[in-house]
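Taking it in order: structure first as structure tokens, then the write-up.
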Amino acid sequence: KEKLFKSREGLFGTLKNIFTGKSIVDGEMYEELEDTLVQSDIGIEMTLKIVKDLKAEVKARGVKKPEDVYPVLKDVLEGYLITENTKLDIQPGRMNVILIVGVNGVGKTTTIGKIAAKLVKDGKKVVIGAADTFRAAAVEQLEEWVKRAGAEIVKHPEGADPGAVVFDTLKAGEDKNADVVIIDTAGRLHNKNNLMKELEKINNIIKKKIGDQPYESILVLDGTTGQNGLIQARVFNEVTKLTGFIVTKLDGTAKGGILFSISEELKKPIKYIGVGEGIEDLREFNSKEYIQAIFD
Ligand code: GDP
């Protein structure tokens with residue numbers, strides 16, 4: 001089995017110990033579970049929810065032995081993960097638009113490169129819009145990834161209007177008969193109003209171009225930032241309509257609890273997970289496989 005997620009050596013590896021070598025299911029066991037979950041960045045609220053749901057399920061199933069609680073926990077956690085629309089909605093015969101949002105440093109650029117590479121490999125024509133015009137270095141870096149992926153880029157000079165980049169990207173996509181257009185956006189969270197206005201403008205430009213056709217708005221989150229990631233998810237979910245998440249850097253964390261928190265709270269699917277810095281280090285997210293990988 002692929003190394004995949006460090007999570008299994010960390011948090012989830014230790015969970016099993018809580019349920020082994022004990023004679024009865026008691027409050028102490030649940031307290032130990034609570035401590036472990038909190039330590040692994042799952043957050044207090046989510047931890048309390050997990051323990052509450054677990055207790056209810058243990059009761060409903062009439063589970064008596066501590067070791068039998070472990071598989072129940074596995075089911076409870078799996079139940080939080082959204083299983084619908086976990087794949088990017090890419091349909092033949094239309095120009096598919098993917099808007100990528102997220103704060104700087106989470107791995108947006110890298111992730112766009114990885115997605116583009118996958119799509120190009122699948123025979124798709126991909127055009128990428130560099131609408132994060134605030135950082136010249138970001139555009140350069142994106143350009144490198146786009147080249148590596150075999151896609152095309154649309155860019156404007158630093159400081160240009162992101163809306164104009166989006167407009168030109170969609171036009172280029174149309175002119176070139178692109179299958180997929182991916183748009184990178186600036187993720188400056190410090191001014192929520194500005195962020196909202198900018199995303200609103202971008203969304204309007206997209207809608208004007210593609211009409212009622214649905215498109216993806218994906219929030220990229222850094223899997224190593226724990227509760228910060230959940231806060232980012234809340235803010236972005238408020239300022240724009242998200243269709244899903246990509247969680248990066250799961251190779252570098254022994255925690256990974258954020259997957260459960262964002263799924264349970266925001267009820268949006270995780271579309272991909274990032275498991276490394278290379279162009280191929282992006283995996284489709286399958287909740288069953290993920291649970292299997294961290295629990296067994
Ligand atoms: P951006 O500012 O959001 O565009 O972030 P970048 O794409 O520049 O990525 C920031 C850093 O995170 C870079 O050093 C990337 O190599 C690294 N990175 C991105 N995704 C992953 C991942 O899945 N795993 C690991 N280990 N590093 C990643």
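Annotations
- Size descriptors for the stretch 86-197: radius of gyration and Dmax over Cα atoms are 13.3, 39 Å.
- Note on the stretch 102-162: Rg/Rh from C-alpha atoms, Kirkwood Rh, equals 0.97.
- Between the helical axis of 108-121 and the longest alpha-carbon principal axis of the chain there is an angle of about 80 degrees.
- Once the Kirkwood radius over Cα pairs is known for the stretch 214-296, the Stokes-Einstein relation at 4 °C and 1.567 mPa s delivers a diffusion coefficient of 100 µm²/s.
- Acute angle (nearest 10 degrees) that the helix 227-239 long axis makes with the longest principal axis of the chain, alpha-carbon atoms: 50 degrees
- Taking only Cα atoms of the stretch 43-125, radius of gyration then Dmax in Å: 20.2, 56
- The stretch 81-143, accessible surface, carbon-and-sulfur percent (1.4 angstrom probe): 47 percent
- Relative contact order for the stretch 181-296, counting Cα pairs under 8 Å that sit 6 or more residues apart, in percent: 20 percent
- For the stretch 62-122, the solvent-accessible area with a 1.4 angstrom probe is 42 square angstrom per residue.
- Local charge for Val235 was computed over the other residues whose Cβ lies under 12 Å away, with Lys and Arg +1 and Asp and Glu -1, and equals +2.
- Calculated [θ] (222 nm, deg cm²/dmol) that DSSP helices of n ≥ 4 give over the chain, each run adding -39,500 (n - 2.57): -16000 deg cm²/dmol
- Backbone N within the stretch 176-218 under 12 Å of label point (7 Å from Glu140 Cα along the Cβ vector): none
- Each residue, Lys124 and Asn193, gets one label point 7 Å from its Cα in the Cβ direction; the gap between the two is 3.7 nm.
- Volume per residue of the convex hull around the Cα atoms, evaluated for the stretch 159-295, comes out as 139 Å³.
- Ranked packing of 263-270, 110-117, 53-60, 222-229, most packed first, by mean Cβ within 10 Å: 110-117, 222-229, 263-270, 53-60
- Expressed as a whole percent, the accessible area of the stretch 19-79 that falls on carbon and sulfur atoms is 50 (1.4 Å probe).
- Asp251 accessible area, assembled protein chains, probe 1.4 Å, Å²: 50 Å²
- Accessible surface, 1.4 Å probe, highest first, among residues Leu88, Leu48: Leu48, Leu88
- Cα-based helix-to-principal-axis angle, 136-149 vs the chain, degrees rounded to 10: 80 degrees
- Note on the chain: antiparallel DSSP beta bridges, both residues inside, total approximately 10 percent of the bridges counted.
- Here the relative contact order of the stretch 126-254, from alpha carbon pairs under 8 Å that lie six or more residues apart, stands at 23 percent.
- In the distance distribution for the chain, Cα-Cα pairs more than 23 Å apart total 56 percent.
- Counting 0.36 nm for each residue step from Lys207 to Ile231 and taking away their Cα separation leaves a gain of 5.9 nm.
The values are calculated or read from the model by the stated rules, or taken from the named source; none is laboratory data. Worth saying up front: this structure is predicted, and the values here are computed from it rather than measured. Positions of Cβ are backbone-derived with ideal geometry, glycine not excepted, and every protein chain shown enters the neighbour counts. Side chains are part of the model used for accessible areas, which takes the heavy atoms of the whole protein and leaves out ligands, DNA and RNA. Shrake-Rupley method; radii C 1.70, N 1.55, O 1.52, S 1.80 Å.
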